[in-house]
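Trainee: Below is the structure I would like to discuss, written out as structure tokens.
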Amino acid sequence: MSTISHQTRPLAQGNDERVELLLIDDAPSDVLMVERMLADSGLDADITVAADLATARRLLTRRTQCIVVDLSAPGIDDVAGLREVLEMSRTAAVVVLTGLDDAHLGVRAVAAGAEDYLVKQEVDGPLLARAVRYSIERKRAEETERRLVEARILRRENARLERGLLPVPLIDDPSLRHHTRYRPGRRRALLGGDFYDTVQTEGGAVHLMIGDVCGHGPDEAALGVQLRMAWRTLVLAGHTGEQLLGILDSVLGHERRSEEIFTTLCMITIAPSRRTARMHLAGHPAPLLFREGPDGSSDVAALPDYAHGPALGLLPGAEWPTTEIDLGESWALMLYTDGLIEGRIGAGSDRLGTDGLVKLAHAARGTGATGRALIDELVAEVEHLNEDALTDDLALLLLSRNG
């Protein structure tokens, strides 16, 4: 029997979309019966007819929504042939036609994966149309559920991967308290372009670092991870200061996907005495220093940023001068990325800035907030002033010592 393409015309107007249907049947009388029943049912169907399985495989397209297959057609051979139809069906629903004598095959067909079955001697137009519509919607629901399951699995895998890439501080000093807050700007992401790390090296020095890769997205997040791991490796290998930044600048030049990508970075090395530190700024906001006086008074100020160099990736052969810091006996250092200070103040266009953050930090310390509570209160107040959640990547690192 030759291949036929025929469009049925509904007798009554409805809201159903046109159905792309592939009918596998070699009996002209059965093909005519199906075409008439669908036309009489009002279902708007574009029917393509294939006499055998080989022809059906050639005629099946991505647009095909439903395959109606007669289990008595050549090459089908009961359920074994049906499995071939199911394998090639992809996203198309499958409805099986059987005779009275082999109705039990319909049940086996549904068990094998078909959406529905009908007995030819008992079917009419409305029943066939309902079976086709139902099977298509069931197949759509199954496909949607499959994609949701795959998406959930992928999200869980990504979450485990991203959590594994966040750093664990290497500190062996009971007098130090380490707190962090990290939130990417990307929706539903766990890792952004901001990165940080803390490492204590042999001899007792503690090294802090926080950085920000310009831009948003998975490429920037991956680059941030590469730079953090490179920084930790270099610190453990004994590199510090301007030399370390120069090597990181070279790493960035090799790993970035575009020459327009740059990275700001703040790096601090705390002496083993815990009373002094050295700071290097590469285009990054200056950290805040909290100091406690002997009388219990507290002071908050941004560290001086007059001695700074450019962001990494901008200028070949750049220099990054050192700033010496007097910490005192009891202190806390808070490093952060610009996502914390670029929020707006109310409905105006003014940004919070470092000065605004210092005021908020002073007020928070006045309430007695320290450690994690201090970080949380600052972020909450910044978002309150912004009148919305912050959209940029956000990272904070707070290291404190009580004398």
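The values are calculated or read from the model by the stated rules, or taken from the named source; none is laboratory data. Keep in mind that this is a model prediction, so the values were computed, not measured. Every residue, glycine among them, receives a Cβ derived from its backbone with ideal geometry; neighbour counts consider all protein chains shown. Keep in mind that these areas ignore ligands, DNA and RNA; they rest on the heavy atoms of the full protein, side chains included. Shrake-Rupley method; radii C 1.70, N 1.55, O 1.52, S 1.80 Å.
Trainee: Return an integer: the convex hull volume of the alpha-carbon atoms of segment 13-67, in Å³ per residue. Show your work: numbers first, answer last.
Mentor: Numbers: hull volume 3.3 nm³, N = 55.
Expressed per residue, the convex hull around the Cα atoms of segment 13-67 is 60 Å³.
Trainee: Let me ask something else. Can you compute 3J(HN,Hα) from phi for each residue in segment 352-362, using the Karplus curve 6.51 cos²θ - 1.76 cosθ + 1.60 with θ = phi - 60°, rounded to whole Hz and x for Gly and Pro?
Mentor: Those phi angles translate into 5, x, 5, 4, x, 5, 4, 4, 5, 5, 5 Hz.
Trainee: Follow-up. Expressed as a whole number of Å, what is the distance separating the alpha-carbon centroids of segment 273-308 and segment 327-403?
Mentor: What the calculation gives is 14 Å, centre to centre.
Trainee: Of all the accessible heavy-atom surface of segment 251-403, with the other protein chains kept in place and a 1.4 Å probe, what percent is carbon and sulfur? Numbers along the way, then the final one.
Mentor: On the way: 3420 of 7080 Å².
Taking all protein chains in place, segment 251-403 shows 48 percent carbon and sulfur surface.
Trainee: Please list, in order along segment 197-203, the HN-Hα scalar couplings obtained from phi with the Karplus expression 6.51 cos²θ - 1.76 cosθ + 1.60 (θ = phi - 60°), rounded to whole Hz, x for Gly and Pro.
Mentor: 6, 9, 9, 9, 9, 4, x
Trainee: Suppose R0 equals 45 Å. What FRET efficiency, 1/(1 + (r/R0)^6) with r the Cβ-Cβ distance, do Ile247 and Leu148 give to the nearest 0.05? Mind showing how you got there, number by number?
Mentor: Working: r = 45 Å, r/R0 = 1.00.
Computed FRET efficiency for Ile247 and Leu148 comes out at 0.50.
Trainee: Does a label point 7 Å from the Cα of Leu315, set along Cα-to-beta-carbon, have any residues of segment 230-248 with amide nitrogen under 20 Å, and which are they?
Mentor: 241-248
Trainee: Which percent of the accessible area of segment 40-145 is formed by carbon and sulfur heavy atoms (probe 1.4 angstrom)?
Mentor: On the way: 2320 of 4870 Å².
Carbon-and-sulfur percentage of accessible area, whole number: 48.
Trainee: Rounded to the nearest angstrom and ordered from largest down, what semi-axes does the equivalent ellipsoid of the chain get from its C-alpha gyration tensor (root of 5λ)? List each step's numbers first, then the result.
Mentor: Values: eigenvalues 986, 97, 70 Å².
Each semi-axis is the square root of five times an eigenvalue, giving 70, 22, 19 Å.
Trainee: Amide H neighbours of Ala50 under 5 Å, counting only residues 5+ apart in sequence or on other chains, H built in-plane at 1.01 Å?
Mentor: Amide H neighbours of Ala50, under 5 Å, 5+ apart: Leu23, Ile24, Asp25.
Trainee: I'd like the distance between the alpha-carbon centres of segment 202-270 and segment 130-152, rounded to an integer number of Å.
Mentor: 47
Trainee: Taking segment 261-350, which chymotrypsin sites (Phe, Trp or Tyr not before Pro) meet the DSSP loop condition and have no more than 13 other C-beta atoms within 10 Å?
Mentor: Working: sites: Phe262, Phe290, Tyr306, Trp331, Tyr336; in loops: Phe262, Tyr306.
Those that pass, being in a loop and sparsely packed, are Tyr306.
Trainee: Further question on the same structure: Could you give the nm distance between label points at Met229 and Glu387, where each point is 7 Å from its Cα heading toward the beta carbon?
Mentor: 4.4
Trainee: Here's a follow-up. Regarding segment 62-130, what is the average projected area of its C-alpha convex hull, in nm²?
Mentor: Values: hull surface 18.4 nm².
Its Cα hull, projected and averaged over all orientations, spans 4.6 nm².
Trainee: Below 8 Å, C-alpha to C-alpha, sequence gap of six or more: please give me the relative contact order for segment 21-140 in percent. Display every interim value, and only then the final one.
Mentor: Details: 201 pairs, mean separation 31.6, N = 120.
Taking the mean separation of contacting Cα pairs over the length of segment 21-140, I get 26 percent.
Trainee: Given a 1.4 angstrom probe, what's the average accessible area per residue across the chain, in square angstrom? Numbers along the way, then the final one.
Mentor: Working: 19670 Å² over 403 residues.
The answer is 49 Å² per residue.
Trainee: If you stretched the chain out fully between Asp101 and His254, how much longer would it get, using 0.36 nm times the residue separation minus the C-alpha to C-alpha distance?
Mentor: Numbers: separation 153, 0.36 × 153 = 55.08 nm, distance 7.22 nm.
This chain segment gains 47.9 nm when fully extended.
Trainee: Which of the trypsin sites (Lys or Arg not before Pro) found in segment 216-271 are in a DSSP loop and have at most 16 neighbouring Cβ atoms, other than their own, within 10 Å? Intermediate values should be presented prior to the final figure.
Mentor: Details: sites: Arg228, Arg232, Arg256, Arg257; in loops: Arg256, Arg257.
Passing sites in segment 216-271 are Arg257.
Trainee: Let me ask something else about it. Given a Förster distance of 30 Å, report the FRET efficiency between Ala369 and Ile171 from their Cβ-Cβ distance, rounded to the nearest 0.05.
Mentor: Values: r = 22 Å, r/R0 = 0.74.
E between Ala369 and Ile171, to the nearest 0.05, is 0.85.
Trainee: What ³J(HN,Hα) values, in whole Hz, does the Karplus curve 6.51 cos²θ - 1.76 cosθ + 1.60 give for segment 275-281 when θ = phi - 60°, with x put for Gly and Pro?
Mentor: Calculated HN-Hα couplings, in order: 10, 9, 7, 10, 10, 10, 10 Hz.
Trainee: Return the single residue from Ile247, Ile345, Ile24 with maximal mean-square fluctuation; model: Gaussian network over the chain, springs between Cα atoms under 10 Å.
Mentor: Ile24
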